[in-house]
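Here is the structure we will look at, set down as structure tokens.
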Amino acid sequence: MSSLFVSHININAITNNEFTYDRVKNISDWILNRVDLRPKIAIVCGSGLGGLGERVQDARIFPYEEIPDFPRSTVVGHKGNLIIGKLNHIPVICMQGRFHSYEGYSNALCTLPMKVFKLMGVQTVLLTCAAGGLNQSFKVGDIMLIKDHVAPLLWTLQNPLIGHNDERFGPRFPACNKIYKKNLRDVFHGIAEKKQIELQEGVYSSFGGPCYETVTELRALLQMGVDAVGMSTANEALVASYCGMNVLAIALITNKAVIDYDSENFPFHEEVIETANRRASDLQELVIDFVSKIN
Ligand SMILES: O=P(O)(O)O[C@@H]1C[C@H](O)[C@@H](CO)O1
């Protein structure tokens, strides 16, 4: 087995049975024993958005491979560091890179960090991601607050909540109609307005990747009311919300989803990273203000 894979966990375990309360607690205790800060806010940096991690001050950086039972990042634009420090004087924990099911990880493993955050005492999770813009009024570079999701993988045995339910994490049957908290979106809108940064709000959808979507898949999503499409985030938002944490999720529109059968355009990862880099500073400024407003 390649060294990319964690040694103790069955990375392909479909259900959450592998990730017991004790196992998650071991990870959270391992981290907490190495830092004095007790962050209430966690941030996940999406593709090309890891620069936010560099803005964290007094940072303790834990490469994922040093953390027991933690997966590794394998994707360009995802550095693979867990950073604890301060943003705008507010303690935060920041994932510089996330885990995707297309890397060969089950969704239960992809969302393990959410459970770790919960046991560390985190109350608010801020997820960021790159996404293709489906809404025809969106421009490349737009920032979209996610208000809901459509995630076909979560309709299957790849739902990360399948398996034994430990009520210390959350309920057996969690409601999903208010995953993305309106009050947090309102705060974020207020900050963007003050900074005169245009914000979109809409519905995000994710498949498992790594392939981008077909034209017909995208057209079906458009009919369902989807505004942007990606390969992550919905699984993390689900588990964070199940664990009782407040979720704000932001999609950066890095490319236009191609819904014309005859178009010569196509999405590609270099464009995703390039757009993310270009828009990173606006997004960072918004997030830095946001953490001090909600702490
Ligand atoms: O991790 P995110 O969701 O930000 O990254 C998106 C989905 C794929 O990882 C990649 C495709 O270009 O960008």
> Considering only segment 273-295, how many residues are over 16 Å from L52 (Cβ atoms) and open to solvent by less than 10 Å² (accessible area, probe 1.4 Å)?
Replying inline: 0
> Could you give every pair whose Cβ atoms fall below 6 Å, whose first residue belongs to segment 158-171 and is within 26 Å of Y102 (Cβ to Cβ), and whose second residue is open to solvent by 30 Å² or more (accessible area, probe 1.4 Å) and β-branched (V, I, T), counting only separations of at least 6 or pairs across chains?
Replying inline: I162/T15; G163/T15
>> Any residue that is modelled with pLDDT of 95 or more and within 16 Å of the ligand (Cβ to nearest atom) - is there at least one of those in segment 176-187?
In response: yes
>> Here is a check on your reading of the model: is K79 surrounded by fewer than 20 Cβ atoms within 10 Å (Cβ to Cβ), charged (D, E, K, R) and at pLDDT below 95?
In response: yes
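Yes/no matrix, rows are residues, columns are (1) at pLDDT below 95; (2) under 12 Å from M114 (Cβ atoms); (3) small (G, A, S); (4) within 15 Å of the ligand (Cβ to nearest atom):
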site: G225; (1), (2), (3), (4): no, no, yes, no
site: M231; (1), (2), (3), (4): no, no, no, yes
site: A237; (1), (2), (3), (4): no, yes, yes, yes
site: A251; (1), (2), (3), (4): no, no, yes, yes
site: T254; (1), (2), (3), (4): no, no, no, yes
site: A257; (1), (2), (3), (4): no, no, yes, yes
site: Y261; (1), (2), (3), (4): no, no, no, no
site: E264; (1), (2), (3), (4): no, no, no, no
site: P267; (1), (2), (3), (4): no, no, no, yes
> Counting only residues that are more than 23 Å from A175 (Cβ to Cβ) and assigned to a loop (DSSP other than H, G, I, E, B), how many does segment 214-264 have?
Replying inline: 10
> If a residue has to be among the acidic types (D, E) and in contact (Cβ under 8 Å) with a residue 40 or more places away in the chain to count, how many in segment 242-273 make the cut?
Replying inline: 1
> What number goes with the only condition from (1) open to solvent by less than 10 Å² (accessible area, probe 1.4 Å); (2) at pLDDT below 95; (3) farther than 18 Å from A42 by Cα that L109 does not pass?
Replying inline: (3)
>> With the requirement that a residue be farther than 21 Å from K115 by Cβ, in a loop (DSSP other than H, G, I, E, B) and of a type in the set (D, E, K, R), what does segment 138-175 give you?
In response: K139, D142
>> I'd like to verify a number: residues in segment 231-255 that are over 17 Å from the mean Cα position of the chain (by Cα) and open to solvent by 30 Å² or more (accessible area, probe 1.4 Å), how many?
In response: 0
>> Suppose the filter is out of contact with any His (no Cβ under 7 Å at 6 or more places or on another chain) and more than 29 Å from L154 (Cβ to Cβ); does V35 pass it?
In response: yes
> Residue check, S101 against (1) more than 13 Å from the ligand (Cβ to nearest atom); (2) open to solvent by 10 Å² or more (accessible area, probe 1.4 Å); (3) within 19 Å of the chain's Cα centre (by Cα), all met but one. Which one?
Replying inline: (1)
>> Looking only at residues that are over 30 Å from S106 (Cα atoms) and in contact with a strand residue (DSSP E or B) (Cβ under 9 Å, 6 or more places away or on another chain) in segment 192-222, which one is most open to solvent (accessible area, probe 1.4 Å)?
In response: E193
> Going by the structure shown, is A228 closer than 19 Å to K147 by Cα, hydrophobic (A, V, I, L, M, F, W, C) and surrounded by 19 or more Cβ atoms within 10 Å (Cβ to Cβ)?
Replying inline: yes
> Does segment 115-137 hold any residues that are within 16 Å of the ligand (Cβ to nearest atom), open to solvent by 10 Å² or more (accessible area, probe 1.4 Å) and more than 18 Å from the chain's Cα centre (by Cα), and which are they?
Replying inline: none
>> Can you tell me which condition G80 does not meet? The list is (1) closer than 26 Å to A257 by Cβ; (2) within 14 Å of the ligand (Cβ to nearest atom), and all the others hold.
In response: (1)
>> Condition first: part of a loop (DSSP other than H, G, I, E, B) and touching a Ser or Thr at 6+ places or on another chain (Cβ under 9 Å). Now tell me which residues in segment 176-206 satisfy that.
In response: C176, K178, I179, K181
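The values are calculated or read from the model by the stated rules, or taken from the named source; none is laboratory data. Since this is a predicted model, take the numbers as computed values, not measurements. Methodologically, a virtual Cβ is constructed for each residue, glycine included, from the backbone with ideal geometry; neighbour enumeration extends over all protein chains shown. For accessibility, only protein heavy atoms count, side chains too; no ligands or nucleic acids. Shrake-Rupley method; radii C 1.70, N 1.55, O 1.52, S 1.80 Å.
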